[in-house]
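Below is one structure, written out as C-alpha coordinates; comments come after it.
The values are calculated or read from the model by the stated rules, or taken from the named source; none is laboratory data. Just so it is clear, the structure is predicted and the values come from calculations on it, not from any experiment. Every residue, glycine among them, receives a Cβ derived from its backbone with ideal geometry; neighbour counts consider all protein chains shown. Just so you know, the surface numbers come from the protein's heavy atoms only, side chains and all, with ligands and any DNA or RNA stripped out. Shrake-Rupley method; radii C 1.70, N 1.55, O 1.52, S 1.80 Å.
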Amino acid sequence: MKSYRKELWFELKTRRGFVNITHELERCVKESGIKEGLLLCNAIHITASVFINDDEAGLHQDFENWLEKLAPEKPYSQYHHNGFEDNADAHLKRTIMGREVVVAITDGKLDLGPWEQIFYGEFDGKRKKRVLVKIIGE
Amino acid sequence: MKSYRKELWFELKTRRGFVNITHELERCVKESGIKEGLLLCNAIHITASVFINDDEAGLHQDFENWLEKLAPEKPYSQYHHNGFEDNADAHLKRTIMGREVVVAITDGKLDLGPWEQIFYGEFDGKRKKRVLVKIIGE
Amino acid sequence: MKSYRKELWFELKTRRGFVNITHELERCVKESGIKEGLLLCNAIHITASVFINDDEAGLHQDFENWLEKLAPEKPYSQYHHNGFEDNADAHLKRTIMGREVVVAITDGKLDLGPWEQIFYGEFDGKRKKRVLVKIIGE
(Lines give C-alpha, C1' and ligand atoms only; values in the text may rest on other atoms or scores of the structure.)
Protein backbone atom coordinates (compact mmCIF):
# COMPACT_ATOMS: atom_id res chain seq x y z
CA MET A 1 0.00 0.00 0.00
CA LYS A 2 1.23 3.48 -0.89
CA SER A 3 0.29 6.69 0.87
CA TYR A 4 0.63 10.36 -0.04
CA ARG A 5 0.12 13.58 1.93
CA LYS A 6 0.03 17.20 0.89
CA GLU A 7 -1.24 20.52 2.23
CA LEU A 8 -2.78 23.18 0.00
CA TRP A 9 -2.67 26.81 1.19
CA PHE A 10 -5.27 29.54 0.68
CA GLU A 11 -5.61 33.19 1.58
CA LEU A 12 -8.83 34.72 0.32
CA LYS A 13 -9.23 38.48 0.27
CA THR A 14 -12.91 38.14 1.20
CA ARG A 15 -14.68 36.63 4.20
CA ARG A 16 -16.43 34.06 2.02
CA GLY A 17 -15.63 32.44 -1.31
CA PHE A 18 -15.28 29.21 -3.29
CA VAL A 19 -12.08 28.05 -5.00
CA ASN A 20 -12.07 25.21 -7.55
CA ILE A 21 -9.26 22.85 -6.47
CA THR A 22 -9.99 19.97 -8.89
CA HIS A 23 -6.85 20.53 -11.00
CA GLU A 24 -4.61 20.75 -7.92
CA LEU A 25 -6.03 17.48 -6.64
CA GLU A 26 -5.49 15.84 -10.05
CA ARG A 27 -1.84 16.89 -9.78
CA CYS A 28 -1.66 15.32 -6.31
CA VAL A 29 -3.00 12.02 -7.68
CA LYS A 30 -0.39 12.06 -10.47
CA GLU A 31 2.37 12.95 -8.00
CA SER A 32 1.32 10.12 -5.69
CA GLY A 33 1.73 7.47 -8.39
CA ILE A 34 -1.37 5.75 -6.96
CA LYS A 35 -3.55 4.06 -9.60
CA GLU A 36 -6.35 2.55 -7.48
CA GLY A 37 -7.37 3.94 -4.11
CA LEU A 38 -9.16 6.63 -2.15
CA LEU A 39 -8.40 10.34 -1.85
CA LEU A 40 -9.44 12.23 1.28
CA CYS A 41 -9.50 16.00 1.05
CA ASN A 42 -10.52 17.94 4.16
CA ALA A 43 -10.39 21.47 5.47
CA ILE A 44 -7.81 21.65 8.27
CA HIS A 45 -9.69 24.64 9.69
CA ILE A 46 -13.14 24.40 11.25
CA THR A 47 -14.59 27.47 9.50
CA ALA A 48 -13.92 26.13 6.00
CA SER A 49 -15.22 23.31 3.84
CA VAL A 50 -14.25 21.00 1.02
CA PHE A 51 -17.25 20.03 -1.08
CA ILE A 52 -18.23 18.81 -4.54
CA ASN A 53 -20.71 20.58 -6.78
CA ASP A 54 -21.08 22.44 -10.06
CA ASP A 55 -18.63 25.17 -11.17
CA GLU A 56 -21.40 27.63 -12.05
CA ALA A 57 -21.39 31.24 -10.84
CA GLY A 58 -25.18 31.47 -10.46
CA LEU A 59 -25.23 28.39 -8.25
CA HIS A 60 -22.39 29.77 -6.13
CA GLN A 61 -24.41 32.95 -5.58
CA ASP A 62 -27.36 30.75 -4.59
CA PHE A 63 -25.15 28.93 -2.06
CA GLU A 64 -24.02 32.29 -0.60
CA ASN A 65 -27.62 33.57 -0.25
CA TRP A 66 -28.91 30.27 1.09
CA LEU A 67 -26.17 29.87 3.71
CA GLU A 68 -26.73 33.46 4.85
CA LYS A 69 -30.43 32.62 5.29
CA LEU A 70 -29.76 29.38 7.22
CA ALA A 71 -26.91 30.76 9.35
CA PRO A 72 -26.68 34.57 9.08
CA GLU A 73 -23.40 36.28 9.83
CA LYS A 74 -25.02 39.22 11.63
CA PRO A 75 -25.95 40.33 14.20
CA TYR A 76 -22.80 38.87 15.75
CA SER A 77 -24.44 39.03 19.17
CA GLN A 78 -26.92 36.27 18.29
CA TYR A 79 -24.21 33.61 18.83
CA HIS A 80 -22.66 32.54 22.16
CA HIS A 81 -19.38 31.76 20.37
CA ASN A 82 -18.92 35.40 19.39
CA GLY A 83 -17.18 36.83 22.43
CA PHE A 84 -13.63 37.41 21.23
CA GLU A 85 -14.48 36.07 17.75
CA ASP A 86 -17.15 36.95 15.18
CA ASN A 87 -17.14 33.73 13.18
CA ALA A 88 -19.80 31.49 14.74
CA ASP A 89 -21.78 31.67 11.48
CA ALA A 90 -18.74 30.29 9.63
CA HIS A 91 -18.73 27.17 11.85
CA LEU A 92 -22.41 26.61 11.05
CA LYS A 93 -22.06 27.29 7.32
CA ARG A 94 -19.17 24.86 7.05
CA THR A 95 -21.30 22.25 8.84
CA ILE A 96 -23.93 22.52 6.08
CA MET A 97 -21.32 22.33 3.31
CA GLY A 98 -19.25 19.57 4.94
CA ARG A 99 -15.65 19.22 6.15
CA GLU A 100 -14.38 16.68 3.66
CA VAL A 101 -14.82 14.68 0.50
CA VAL A 102 -13.66 11.16 -0.27
CA VAL A 103 -13.07 10.52 -3.96
CA ALA A 104 -12.24 7.25 -5.72
CA ILE A 105 -8.98 6.99 -7.68
CA THR A 106 -9.34 4.76 -10.76
CA ASP A 107 -6.66 4.19 -13.41
CA GLY A 108 -4.53 6.92 -11.82
CA LYS A 109 -7.25 9.59 -12.04
CA LEU A 110 -9.92 11.21 -9.87
CA ASP A 111 -13.04 9.16 -10.58
CA LEU A 112 -15.45 12.10 -10.89
CA GLY A 113 -18.73 12.53 -12.74
CA PRO A 114 -18.86 14.91 -15.72
CA TRP A 115 -20.05 17.90 -13.63
CA GLU A 116 -18.35 17.07 -10.34
CA GLN A 117 -15.84 19.74 -9.36
CA ILE A 118 -14.10 19.94 -5.99
CA PHE A 119 -14.15 23.25 -4.10
CA TYR A 120 -12.52 24.84 -1.13
CA GLY A 121 -15.26 26.74 0.67
CA GLU A 122 -14.08 29.66 2.79
CA PHE A 123 -16.42 31.15 5.41
CA ASP A 124 -13.96 33.16 7.51
CA GLY A 125 -11.25 34.35 5.15
CA LYS A 126 -8.67 37.15 5.02
CA ARG A 127 -6.13 34.81 6.67
CA LYS A 128 -3.94 31.85 5.66
CA LYS A 129 -5.73 28.54 5.81
CA ARG A 130 -5.03 24.98 4.73
CA VAL A 131 -6.53 21.88 3.19
CA LEU A 132 -5.18 18.35 3.71
CA VAL A 133 -4.91 15.83 0.88
CA LYS A 134 -4.30 12.21 1.82
CA ILE A 135 -4.29 9.38 -0.69
CA ILE A 136 -3.96 5.68 0.00
CA GLY A 137 -3.91 2.86 -2.53
CA GLU A 138 -1.65 1.11 -4.96
CA MET B 1 -4.55 -4.41 -1.68
CA LYS B 2 -7.59 -5.18 -3.81
CA SER B 3 -9.87 -2.63 -5.40
CA TYR B 4 -13.34 -2.85 -6.95
CA ARG B 5 -15.45 -0.40 -8.96
CA LYS B 6 -19.04 -0.47 -10.10
CA GLU B 7 -21.70 1.97 -11.30
CA LEU B 8 -25.35 1.64 -10.34
CA TRP B 9 -27.96 3.21 -12.63
CA PHE B 10 -31.25 4.87 -11.71
CA GLU B 11 -34.12 6.46 -13.57
CA LEU B 12 -36.84 7.69 -11.26
CA LYS B 13 -40.24 8.61 -12.69
CA THR B 14 -40.55 11.45 -10.18
CA ARG B 15 -38.48 14.58 -9.51
CA ARG B 16 -37.64 13.42 -6.00
CA GLY B 17 -37.43 10.03 -4.32
CA PHE B 18 -35.36 7.69 -2.17
CA VAL B 19 -34.21 4.20 -3.26
CA ASN B 20 -32.81 1.68 -0.76
CA ILE B 21 -29.56 0.38 -2.29
CA THR B 22 -28.28 -1.60 0.71
CA HIS B 23 -28.79 -5.01 -0.93
CA GLU B 24 -27.07 -3.92 -4.14
CA LEU B 25 -24.09 -2.68 -2.15
CA GLU B 26 -23.95 -5.96 -0.23
CA ARG B 27 -23.75 -7.73 -3.59
CA CYS B 28 -20.89 -5.43 -4.61
CA VAL B 29 -18.98 -6.34 -1.43
CA LYS B 30 -19.47 -10.06 -2.12
CA GLU B 31 -18.45 -9.63 -5.77
CA SER B 32 -15.30 -7.72 -4.73
CA GLY B 33 -14.03 -10.56 -2.55
CA ILE B 34 -12.81 -7.94 -0.08
CA LYS B 35 -13.07 -9.02 3.57
CA GLU B 36 -11.62 -5.99 5.40
CA GLY B 37 -11.67 -2.48 3.96
CA LEU B 38 -13.68 0.63 3.16
CA LEU B 39 -16.54 1.12 0.72
CA LEU B 40 -17.15 4.55 -0.81
CA CYS B 41 -20.53 5.11 -2.42
CA ASN B 42 -21.19 8.51 -3.99
CA ALA B 43 -23.66 10.13 -6.34
CA ILE B 44 -21.93 10.81 -9.65
CA HIS B 45 -24.43 13.61 -10.27
CA ILE B 46 -24.53 16.83 -8.29
CA THR B 47 -28.30 16.91 -7.81
CA ALA B 48 -28.43 13.52 -6.08
CA SER B 49 -27.25 12.08 -2.79
CA VAL B 50 -26.17 8.86 -1.14
CA PHE B 51 -27.04 8.82 2.56
CA ILE B 52 -27.71 6.49 5.47
CA ASN B 53 -30.85 6.54 7.57
CA ASP B 54 -33.95 4.56 8.50
CA ASP B 55 -36.11 2.76 5.90
CA GLU B 56 -39.36 4.18 7.26
CA ALA B 57 -41.98 5.80 5.03
CA GLY B 58 -43.05 8.42 7.58
CA LEU B 59 -39.46 9.59 8.02
CA HIS B 60 -38.99 9.80 4.26
CA GLN B 61 -42.07 12.03 4.06
CA ASP B 62 -40.56 14.15 6.85
CA PHE B 63 -37.31 14.47 4.85
CA GLU B 64 -39.29 15.57 1.77
CA ASN B 65 -41.25 18.22 3.72
CA TRP B 66 -38.18 19.43 5.61
CA LEU B 67 -35.99 19.75 2.51
CA GLU B 68 -38.76 21.65 0.75
CA LYS B 69 -38.86 24.04 3.71
CA LEU B 70 -35.06 24.53 3.82
CA ALA B 71 -34.58 24.75 0.03
CA PRO B 72 -37.93 25.14 -1.77
CA GLU B 73 -38.21 24.07 -5.41
CA LYS B 74 -40.44 27.01 -6.38
CA PRO B 75 -40.60 29.78 -7.38
CA TYR B 76 -37.81 28.82 -9.80
CA SER B 77 -36.97 32.51 -10.23
CA GLN B 78 -35.64 32.77 -6.64
CA TYR B 79 -32.37 31.08 -7.72
CA HIS B 80 -29.62 32.54 -9.93
CA HIS B 81 -28.78 29.05 -11.23
CA ASN B 82 -32.24 28.71 -12.80
CA GLY B 83 -31.69 30.31 -16.20
CA PHE B 84 -31.73 27.36 -18.57
CA GLU B 85 -32.25 24.91 -15.71
CA ASP B 86 -34.84 24.65 -12.92
CA ASN B 87 -32.89 22.48 -10.48
CA ALA B 88 -31.02 24.87 -8.16
CA ASP B 89 -33.08 23.55 -5.24
CA ALA B 90 -31.83 20.02 -6.06
CA HIS B 91 -28.19 21.15 -5.65
CA LEU B 92 -29.06 22.62 -2.22
CA LYS B 93 -31.13 19.63 -1.07
CA ARG B 94 -28.34 17.24 -2.00
CA THR B 95 -25.91 19.41 -0.01
CA ILE B 96 -28.02 18.87 3.12
CA MET B 97 -28.31 15.11 2.52
CA GLY B 98 -24.66 14.63 1.48
CA ARG B 99 -22.87 13.36 -1.64
CA GLU B 100 -21.36 10.18 -0.27
CA VAL B 101 -21.08 7.60 2.46
CA VAL B 102 -18.04 5.64 3.57
CA VAL B 103 -18.87 2.29 5.14
CA ALA B 104 -16.56 -0.21 6.84
CA ILE B 105 -16.27 -3.73 5.42
CA THR B 106 -15.72 -6.34 8.15
CA ASP B 107 -15.61 -10.12 7.63
CA GLY B 108 -16.72 -9.63 4.01
CA LYS B 109 -19.87 -7.68 4.93
CA LEU B 110 -21.10 -4.08 5.19
CA ASP B 111 -20.47 -3.17 8.83
CA LEU B 112 -23.79 -1.40 9.43
CA GLY B 113 -25.85 -0.81 12.56
CA PRO B 114 -29.19 -2.62 12.92
CA TRP B 115 -31.22 0.29 11.48
CA GLU B 116 -28.66 1.69 9.06
CA GLN B 117 -29.89 1.47 5.47
CA ILE B 118 -28.16 3.11 2.50
CA PHE B 119 -30.24 5.24 0.13
CA TYR B 120 -29.92 6.88 -3.23
CA GLY B 121 -31.57 10.29 -2.88
CA GLU B 122 -32.88 11.78 -6.11
CA PHE B 123 -33.71 15.51 -6.25
CA ASP B 124 -33.89 16.06 -10.01
CA GLY B 125 -35.15 12.82 -11.52
CA LYS B 126 -36.93 11.72 -14.70
CA ARG B 127 -33.54 11.07 -16.28
CA LYS B 128 -30.81 8.40 -16.11
CA LYS B 129 -28.34 8.95 -13.29
CA ARG B 130 -25.53 7.02 -11.67
CA VAL B 131 -23.90 6.12 -8.39
CA LEU B 132 -20.26 5.06 -8.02
CA VAL B 133 -19.21 2.21 -5.75
CA LYS B 134 -15.51 1.88 -4.95
CA ILE B 135 -14.11 -0.63 -2.48
CA ILE B 136 -10.52 -0.98 -1.34
CA GLY B 137 -9.11 -3.51 1.11
CA GLU B 138 -8.03 -7.10 1.34
CA MET C 1 -2.64 -3.86 4.58
CA LYS C 2 -3.72 -3.86 8.21
CA SER C 3 -7.22 -3.24 9.50
CA TYR C 4 -8.63 -2.44 12.93
CA ARG C 5 -12.16 -2.27 14.32
CA LYS C 6 -13.57 -1.04 17.60
CA GLU C 7 -16.91 0.07 19.02
CA LEU C 8 -17.23 2.94 21.49
CA TRP C 9 -20.26 3.00 23.80
CA PHE C 10 -22.20 6.01 25.08
CA GLU C 11 -25.15 6.56 27.37
CA LEU C 12 -25.98 10.22 27.80
CA LYS C 13 -28.30 11.30 30.61
CA THR C 14 -29.80 13.99 28.36
CA ARG C 15 -31.66 13.86 25.04
CA ARG C 16 -28.95 15.89 23.31
CA GLY C 17 -25.25 16.43 23.93
CA PHE C 18 -21.76 16.42 22.47
CA VAL C 19 -18.88 14.23 23.70
CA ASN C 20 -15.29 14.86 22.68
CA ILE C 21 -13.91 11.49 21.50
CA THR C 22 -10.59 12.69 20.07
CA HIS C 23 -8.47 11.07 22.80
CA GLU C 24 -10.29 7.74 22.48
CA LEU C 25 -9.70 7.76 18.74
CA GLU C 26 -6.02 8.55 19.27
CA ARG C 27 -5.84 5.48 21.50
CA CYS C 28 -7.47 3.41 18.73
CA VAL C 29 -4.84 4.59 16.25
CA LYS C 30 -2.04 3.63 18.65
CA GLU C 31 -3.67 0.25 19.37
CA SER C 32 -4.02 -0.45 15.64
CA GLY C 33 -0.29 -0.05 14.99
CA ILE C 34 -1.21 1.65 11.69
CA LYS C 35 1.18 4.44 10.69
CA GLU C 36 -0.28 5.58 7.35
CA GLY C 37 -3.91 5.17 6.43
CA LEU C 38 -7.49 6.32 6.89
CA LEU C 39 -9.73 6.22 9.93
CA LEU C 40 -13.50 6.04 9.53
CA CYS C 41 -15.59 6.91 12.57
CA ASN C 42 -19.37 6.73 12.21
CA ALA C 43 -22.42 6.67 14.41
CA ILE C 44 -23.94 3.18 14.34
CA HIS C 45 -27.31 4.72 15.24
CA ILE C 46 -29.30 6.93 12.89
CA THR C 47 -30.18 9.57 15.47
CA ALA C 48 -26.56 10.36 16.32
CA SER C 49 -23.62 11.94 14.59
CA VAL C 50 -19.84 11.97 14.48
CA PHE C 51 -18.48 15.37 13.45
CA ILE C 52 -15.43 17.59 13.69
CA ASN C 53 -15.46 21.12 15.07
CA ASP C 54 -14.20 23.32 17.90
CA ASP C 55 -14.33 22.24 21.57
CA GLU C 56 -15.86 25.50 22.73
CA ALA C 57 -18.93 25.61 24.99
CA GLY C 58 -20.40 28.75 23.40
CA LEU C 59 -20.26 27.18 19.95
CA HIS C 60 -21.88 23.99 21.25
CA GLN C 61 -24.75 26.10 22.63
CA ASP C 62 -25.00 27.77 19.21
CA PHE C 63 -25.23 24.35 17.54
CA GLU C 64 -28.02 23.35 19.94
CA ASN C 65 -30.02 26.53 19.29
CA TRP C 66 -29.43 26.40 15.55
CA LEU C 67 -30.42 22.74 15.17
CA GLU C 68 -33.57 23.39 17.20
CA LYS C 69 -34.41 26.21 14.78
CA LEU C 70 -33.75 24.12 11.65
CA ALA C 71 -35.41 20.93 12.93
CA PRO C 72 -37.41 21.59 16.12
CA GLU C 73 -38.08 18.72 18.51
CA LYS C 74 -41.65 19.85 19.29
CA PRO C 75 -44.51 19.68 18.59
CA TYR C 76 -43.92 15.95 18.05
CA SER C 77 -47.07 15.80 15.91
CA GLN C 78 -45.44 17.85 13.12
CA TYR C 79 -43.53 14.76 11.92
CA HIS C 80 -44.97 11.67 10.20
CA HIS C 81 -42.26 9.50 11.79
CA ASN C 82 -43.57 10.28 15.28
CA GLY C 83 -46.25 7.61 15.71
CA PHE C 84 -44.71 5.23 18.21
CA GLU C 85 -41.52 7.29 18.41
CA ASP C 86 -40.83 10.95 19.18
CA ASN C 87 -37.38 11.27 17.59
CA ALA C 88 -37.97 12.43 14.00
CA ASP C 89 -36.15 15.69 14.81
CA ALA C 90 -33.10 13.64 15.87
CA HIS C 91 -32.92 12.01 12.42
CA LEU C 92 -32.99 15.48 10.81
CA LYS C 93 -30.48 17.03 13.21
CA ARG C 94 -28.03 14.19 12.65
CA THR C 95 -28.42 14.70 8.89
CA ILE C 96 -27.21 18.31 9.27
CA MET C 97 -24.29 17.29 11.50
CA GLY C 98 -23.31 14.22 9.46
CA ARG C 99 -23.04 10.49 10.15
CA GLU C 100 -19.30 10.05 9.83
CA VAL C 101 -15.84 11.51 9.56
CA VAL C 102 -12.85 10.20 7.65
CA VAL C 103 -9.51 11.28 9.11
CA ALA C 104 -6.01 10.76 7.73
CA ILE C 105 -3.48 8.79 9.80
CA THR C 106 0.07 10.11 9.33
CA ASP C 107 3.16 8.92 11.26
CA GLY C 108 0.91 6.85 13.53
CA LYS C 109 -1.25 9.82 14.59
CA LEU C 110 -4.59 11.43 13.73
CA ASP C 111 -3.68 14.07 11.15
CA LEU C 112 -5.88 16.87 12.55
CA GLY C 113 -5.65 20.64 12.38
CA PRO C 114 -4.84 22.58 15.57
CA TRP C 115 -8.52 23.21 16.42
CA GLU C 116 -10.03 20.06 14.97
CA GLN C 117 -11.69 17.94 17.65
CA ILE C 118 -13.87 14.92 16.97
CA PHE C 119 -17.28 14.70 18.65
CA TYR C 120 -20.03 12.21 19.21
CA GLY C 121 -23.28 14.11 18.71
CA GLU C 122 -26.28 12.66 20.51
CA PHE C 123 -29.78 13.75 19.48
CA ASP C 124 -31.90 11.03 21.12
CA GLY C 125 -30.07 10.00 24.25
CA LYS C 126 -30.93 8.38 27.58
CA ARG C 127 -30.09 4.98 26.07
CA LYS C 128 -26.99 2.97 25.16
CA LYS C 129 -25.61 3.82 21.73
CA ARG C 130 -22.49 3.03 19.75
CA VAL C 131 -19.89 4.46 17.40
CA LEU C 132 -17.82 2.37 14.97
CA VAL C 133 -14.10 2.97 14.46
CA LYS C 134 -12.48 1.32 11.43
CA ILE C 135 -8.89 1.95 10.41
CA ILE C 136 -7.12 0.62 7.33
CA GLY C 137 -3.54 1.23 6.29
CA GLU C 138 -0.04 0.06 7.03
For the residue pair C:Val19 and C:Arg127, what label-to-label distance in nm results when each label sits 7 Å from Cα along the Cα-to-beta-carbon direction?
1.6
Relative contact order of chain A, defined on C-alpha pairs under 8 angstrom at six or more residues apart (%)
55
Under-5 Å amide H pairs with A:Lys2, H placed in peptide plane, nonlocal only:
A:Gly137, A:Glu138
Find me the longest stretch of chain C that has none of the exposed trypsin sites (Lys or Arg not before Pro), where exposed means in a DSSP loop (not H, G, I, E or B) with at most 14 other Cβ atoms within 10 Å.
C:14-125
For C:Lys2, what is the net charge nearby, where nearby means another residue's Cβ is under 14 Å from its Cβ and Lys, Arg count +1, Asp, Glu -1?
+1
Label distances, nm, B:Asn65 versus same residue in remaining copies, Cβ-directed 7 Å point
2.7, 2.7
Rg and Dmax of the range C:13-66, using alpha carbons, in Å: what are they?
13.8, 40
Just name one of A:Thr95, A:Gly83, A:Trp66: the one whose Cα is farthest towards the positive end of the charge dipole of the range A:60-101 (beta-carbon charges, Lys/Arg +1, Asp/Glu -1).
A:Thr95
When A and C pair up, the total accessible heavy-atom area removed from solvent (1.4 Å probe), in Å² to nearest 100, is 2500
Beyond 32 Å (Cα-Cα) in this structure, taken from A:Lys74/C:Lys13; A:Lys13/C:Lys134; A:Lys134/C:Lys126; A:Lys6/B:Lys2; B:Lys30/C:Lys74, we find A:Lys74/C:Lys13; A:Lys13/C:Lys134; A:Lys134/C:Lys126; B:Lys30/C:Lys74
Roughly how many Å² is the accessible area per residue of chain C, as a whole number, for a 1.4 Å probe?
39
When the Karplus curve 6.51 cos²θ - 1.76 cosθ + 1.60 is applied with θ = phi - 60°, which whole-Hz ³J(HN,Hα) does each residue of the range B:8-17 get, with x for Gly and Pro?
10, 10, 9, 8, 7, 7, 10, 5, 10, x
Any idea what the C:Glu11 label distances to the other copies are, label 7 Å down the Cα→Cβ vector, nm, shortest first?
5.3, 5.3
Per q in 0.10, 0.11, 0.13 Å⁻¹, report the Debye log10 I(q)/I(0) for the protein assembly as shown, using one uniform scatterer on each alpha carbon and no solvent.
-0.62, -0.77, -1.14
Taking Rh as the Kirkwood radius computed over alpha-carbon pairs of the range A:42-82 and applying Stokes-Einstein at 20 °C with viscosity 1.002 mPa s, one gets a diffusion coefficient in µm² s⁻¹ of 175
Could you work out the equivalent-ellipsoid semi-axes for the range B:57-138, taking the square root of 5 times each eigenvalue of the Cα gyration tensor, largest first, in whole Å?
31, 16, 10
Quotient of C-alpha Rg and 2.2 N^0.38 Å, computed over the range C:1-113:
1.24
